[in-house]
Ligand code: PGA
């Protein structure tokens, strides 16, 4: 996988937004897999700025969700559907019909998971999937010991993830759902390009384990090692536990600038 060390989260956002803009120049109706959480926000801000500046055209772009809470009422501001509508779909001027997501309100959750996996395939598959990483090494909501071949399914969140996400629920862990629908690791690996963004010291150990550690279900993000086109974009703080940081810097610096990520 390619590891790109950037000075800060804004630079990471700019780099990934440029990759998305370049993809949309080649494939105007590309399906962009988007992630929620704090980390990807600079990507969406940079892409929206490019749209305003006429440097990116998202008019035919499609977006899809990575995961969703189970059991939040429809329209809850912290459901990931609401978050993606607010942070991605509206700022990029996309229509809701260009947006795919799992139904976290379904009575039959297992059927909703199957339906979402099928919908992604019928949409032609994800062209670029943006990922965050949990402090426990999760991608999507594939918590440690998720099957590396897993498909979209219901998962139970770890206590650590519920603690990490309580900040979106007025700091009240009691409001954070226990269950989620997440694209499986096998589903995620079907995207044509995986781009993981991690910023801040709290992610440094998870990043090092994912990039330099053994492939292991204990660190779901290590599954990126199996993907033929995976890019890990980290700021200096998130890169601080990487043994090969100097090698990654030198390799990226030597890359032709036209090549992108
Ligand atoms: P964060 O979440 O970007 O809010 O840190 C990342 C994740 O849990 O995947």
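Here are the numbers:
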item	result
Subset tally (residues that are assigned to a helix (DSSP H, G or I) and within 16 Å of the ligand (Cβ to nearest atom)) for segment 18-45	5
Test: residue 222 is touching a helix residue (DSSP H, G or I) at 6+ places or on another chain (Cβ under 7 Å) and more than 26 Å from residue 32 (Cα to Cα)	no
Some residue of segment 198-211 being in contact with a helix residue (DSSP H, G or I) (Cβ under 6 Å, 6 or more places away or on another chain), assigned to a loop (DSSP other than H, G, I, E, B) and surrounded by 19 or more Cβ atoms within 10 Å (Cβ to Cβ)	yes
Odd one out for residue 252 among (1) more than 30 Å from residue 107 (Cα to Cα); (2) outside any helix (DSSP H, G or I); (3) away from the ligand (no atom under 16 Å from the Cβ)	(2)
Boolean, residue 161 is more than 13 Å from the ligand (Cβ to nearest atom) and either modelled with pLDDT under 95 or surrounded by 22 or more Cβ atoms within 10 Å (Cβ to Cβ) (or both)	no
Neighbours by Cβ (under 6 Å, 6+ apart or cross-chain): first from segment 85-97, more than 15 Å from residue 30 (Cα to Cα); second assigned to a helix (DSSP H, G or I)	87/44; 91/48
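So that you can scan it fast, the table gives a plain yes or no per residue for (1) part of a loop (DSSP other than H, G, I, E, B); (2) farther than 20 Å from residue 62 by Cα; (3) without any contact (Cβ under 8 Å) to a residue 40 or more places away in the chain:
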| site | (1), (2), (3) |
| --- | --- |
| 107 | yes, yes, yes |
| 115 | no, no, yes |
| 118 | no, no, yes |
| 126 | yes, no, no |
| 136 | yes, yes, no |
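The values are calculated or read from the model by the stated rules, or taken from the named source; none is laboratory data. Every value quoted in this text rests on a predicted model; they were computed, and no experiment measured them. For neighbour counting, all protein chains shown are included, and Cβ atoms are generated from backbone atoms with ideal geometry for every residue, glycine included.
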